[in-house]
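S.K.: Sharing a structure, written as structure tokens. Questions coming.
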Protein chains: 2
Amino acid sequence: MPIHSYHHGDLRRTLLEAAAASIEANGVEALSLRQLARDAGVSHAAPSRHFRDKQALLDALAEDGFNRLTVSLDEATQGAPTTPTEARQRFDDLARSYVGFALAQPTLLSLMFSLKHAPSARAELLAAGHASMELTMRVVVAAQEIGAIGPGDPQRIALVAFATFHGVAILTSGGLIDEVPAADLVATASELFWNGLQP
Amino acid sequence: MPIHSYHHGDLRRTLLEAAAASIEANGVEALSLRQLARDAGVSHAAPSRHFRDKQALLDALAEDGFNRLTVSLDEATQGAPTTPTEARQRFDDLARSYVGFALAQPTLLSLMFSLKHAPSARAELLAAGHASMELTMRVVVAAQEIGAIGPGDPQRIALVAFATFHGVAILTSGGLIDEVPAADLVATASELFWNGLQP
DNA sequence: TATGCAATGTTGTCAGTGACATCATTCTGC
DNA sequence: GCAGAATGATGTCACTGACAACATTGCATA
């Protein structure tokens, strides 16, 4: 790809990456399509070829975020547990991975769960979000299968676990907590939740 | 107060209420100070007398939200419990109240925990947020005092409880969950968490 | 009670923005 | 090698937030 070609080459990806950096640095409110275009060295209307409007860019960012979160959670919970200790470890790892994601890109996480998405993007977002929750369910089911935790609708348990991780992630990344270190809060949450699941 | 006086009378409150309605209807992104001014029947620059800039209005909204949340949680948990069943009931009520607040004004809740606040407003927001968490701690301490749950740092437990409620609230109000009714999710979360607290 | 100042509201202006229409260039499949 | 699809550029418009300068009103106090 020549340095100065009429076509950018991979403008869509460039815009997404710059936008992700921008929202973390200055918030969603301050995101400017025209500024992104300037930074990418294209005209102010070029982004509209890839994102119908600003909302479409935000939707794409959110979907991308869910996909990255799914990868993170997946990598953190490889291998089926064979002992209760291992199952518990997977659960801990899942929680730490979630909160780690949140601390690294808190604004993106908020955006992912923000409810103002274009109806057209809703299907993709739902699918991407569900993939993340599926991973949580996988950990729950694996723990149930070896008897590390009691029975119970794994989907419901996984949803509550996911919600717990999310809440801890938002609280710790939101700067609303000074007294308790983030890692301690994650550990406490994981421990309490696990206790509640015991047979 | 005359119908048409030079001074509006209570513009600040009018703006806050209209803004709260606007963000729930159209999202934070679409909030327009000038539109709020038009709706209130004042000039486009009048709001600046009450809110230095848009961020200041959002900060005030968030603080107001925390105060209202605190009132809701307080009203839902009146009276010291005397039995484990009552203590458990308080805990359930707290969770339901939190999620009810979230369902009624999901965008405001997101805004409250958004990290994009002016440094000058941080102190007030922190105080308002802590008041909500204090209420959660009150419920935990009350339960501990009558032995309904085991010992443990009540602040840490309360923070995790708060986080759990918040996570469930965001998930249920965010439209990311179709399979499980919100009330069921709240009940499951409350039950699992309570189990984890048993001595 | 009179008055001066603080609080509040108005008008005017400016640069930045998102969206859209129209035109230009390049790429790709046939 | 060429036609049409992708992608980018240019021009324009209404709207917005922020700010400056000016107007009106309410209130404290002398």
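Nothing in this text is a laboratory measurement; each read-out follows from the coordinates by a stated rule. Predicted, not measured: the structure shown is a model, and the values here were computed from it. Ideal geometry is used to build each Cβ from the backbone, glycine not excepted, and the neighbour counts take in all protein chains shown.
S.K.: Between the alpha-carbon centers of the range A:132-199 and the range B:126-190, tell me the distance in whole angstrom.
M.R.: Each part's Cα centre sits 13 Å from the other's.
S.K.: Give me the Kirkwood hydrodynamic radius of the range B:1-51, using the inverse of the mean 1/r over all pairs of distinct Cα atoms, in Å to one decimal. Please report the intermediate quantities before stating the final value.
M.R.: Values: mean 1/r = 0.0887 Å⁻¹.
Roughly 11.3 Å, rounded to one decimal.
S.K.: Right, another one. Please average, across the residues of A:150-161, the number of beta carbons from any other chain that are within 10 Å of each residue's own beta carbon, and give a whole number.
M.R.: Per-residue shielding by partner chains comes out at 4.
S.K.: Using the Karplus curve 6.51 cos²θ - 1.76 cosθ + 1.60 with θ = phi - 60°, work out ³J(HN,Hα) for each residue of the range A:182-189 in order, rounded to whole Hz, and write x for Gly and Pro.
M.R.: Going residue by residue, I get 4, 4, 5, 5, 4, 4, 4, 4 Hz, with x marking Gly and Pro.
S.K.: Would you mind computing, in nm to one decimal, how far apart the modelled labels at A:Ala127 and A:Ala104 are, each placed 7 Å from Cα along Cα→Cβ?
M.R.: 2.4 nm
S.K.: If you don't mind, another one. Less than 14 Å Cβ to Cβ from A:His44, Lys/Arg counted +1 and Asp/Glu -1: what total charge do the surrounding residues give?
M.R.: +2
S.K.: Please get the size of the charge dipole for the range A:81-199, origin at its Cα centre, with Cβ charges of +1 on Lys and Arg and -1 on Asp and Glu, quoted in debye to the nearest 20.
M.R.: Its charge dipole is roughly 340 debye.
S.K.: How many Cβ atoms of partner chains, on average, are near each residue of B:112-120 if near means within 10 Å of its Cβ?
M.R.: 5
S.K.: Okay, next question. Lys/Arg Cβ at +1, Asp/Glu Cβ at -1, dipole of the protein assembly as shown taken about the Cα centre: which of B:Gln155, A:Leu61, A:Ala30 is farthest positive-ward?
M.R.: A:Ala30
S.K.: What percent does the relative contact order of chain A come to when contacts are Cα pairs within less than 8 Å and at least six residues apart?
M.R.: Dividing the mean separation by the residue count of chain A yields 23 percent.
S.K.: What's the magnitude of the charge dipole for chain B around its Cα centre, counting Lys and Arg as +1 and Asp and Glu as -1 at the beta-carbon? Answer in Debye, nearest 20.
M.R.: Its charge dipole is roughly 700 debye.
S.K.: Hey, got the Cα dimensions of the range A:80-126 along the principal axes, in Å, largest first?
M.R.: Ordered largest first, the range A:80-126 gives principal extents of 44, 23, 11 Å.
S.K.: Let me check I've understood the local charge: for B:Asp10, count other residues with C-beta under 15 angstrom from its C-beta, Lys and Arg +1, Asp and Glu -1. What total comes out?
M.R.: Numbers: positive: B:Arg12, B:Arg13, B:Arg49; negative: B:Glu17, B:Asp39, B:Asp64.
Summing Lys/Arg as +1 and Asp/Glu as -1 gives 0.
S.K.: Tell me, what are the semi-axes, in whole angstrom and largest first, of the equivalent ellipsoid of the protein assembly as shown as set by the roots of 5 times the Cα gyration tensor eigenvalues?
M.R.: 37, 31, 16
S.K.: Continuing with the same structure: Suppose R0 equals 45 Å; then what is the FRET efficiency for A:Glu24 and B:Gln89 from their Cβ-Cβ distance, rounded to the nearest 0.05?
M.R.: Calculated transfer efficiency: 0.60.
S.K.: I'd like to compare B:41-54, A:123-136: which one has the highest average count of other Cβ atoms within 10 Å, and what's the full order after that?
M.R.: A:123-136, B:41-54
S.K.: Another question, then. Could you tell me the convex hull volume per residue, in Å³, taken over the Cα atoms of the range B:1-119?
M.R.: 128 Å³
S.K.: Return the FRET efficiency for the residue pair A:Glu145, B:Asp178: r is the Cβ-Cβ distance, R0 is 22 Å, and the value is rounded to the nearest 0.05.
M.R.: Plugging the Cβ-Cβ distance into 1/(1 + (r/R0)^6) gives 0.25.
S.K.: What span do the alpha-carbon atoms of the range B:49-199 cover on each of the three principal axes, reported in whole Å from largest to smallest?
M.R.: Rounded to whole Å, the extents work out to 53, 36, 23 Å.
S.K.: So what J values fall out for the range B:156-168 if you push phi through Karplus, 6.51 cos²θ - 1.76 cosθ + 1.60 with θ = phi - 60°, rounded to Hz, Gly and Pro as x?
M.R.: 5, 4, 5, 4, 5, 4, 4, 4, 4, 4, 4, x, 4
S.K.: How much mean residue ellipticity at 222 nm does chain B get from its helices, if each DSSP H run of length 4 or more adds -39500 (n - 2.57) and you divide by all residues, to the nearest 500 deg cm²/dmol?
M.R.: Calculated mean residue ellipticity at 222 nm is -23500 deg cm²/dmol.
S.K.: Let me ask something else about it. For the pair A:Gln35/B:Arg12, report the inter-label distance in nm, with labels modelled 7 Å from Cα in the Cβ direction.
M.R.: Simple spin-label model gives 3.0 nm for this pair.
S.K.: Taking the Cβ-Cβ separation of B:Asn195 and B:Ser43 as r and a Förster radius of 45 Å, what is the calculated FRET efficiency to the nearest 0.05?
M.R.: So, using R0 = 45 Å, E works out to roughly 0.20.
S.K.: Now a separate question. With charges only on Cβ, +1 for K and R and -1 for D and E, what is the dipole size of the protein assembly as shown about its Cα centre, in debye, rounded to 20?
M.R.: Once rounded to the nearest 20, the dipole reads 1180 debye.
S.K.: Which Cα, out of B:Ala123, A:Tyr98, A:Val186, lies furthest along the positive dipole direction of the protein assembly as shown (beta carbon charges, K/R +1, D/E -1)?
M.R.: B:Ala123
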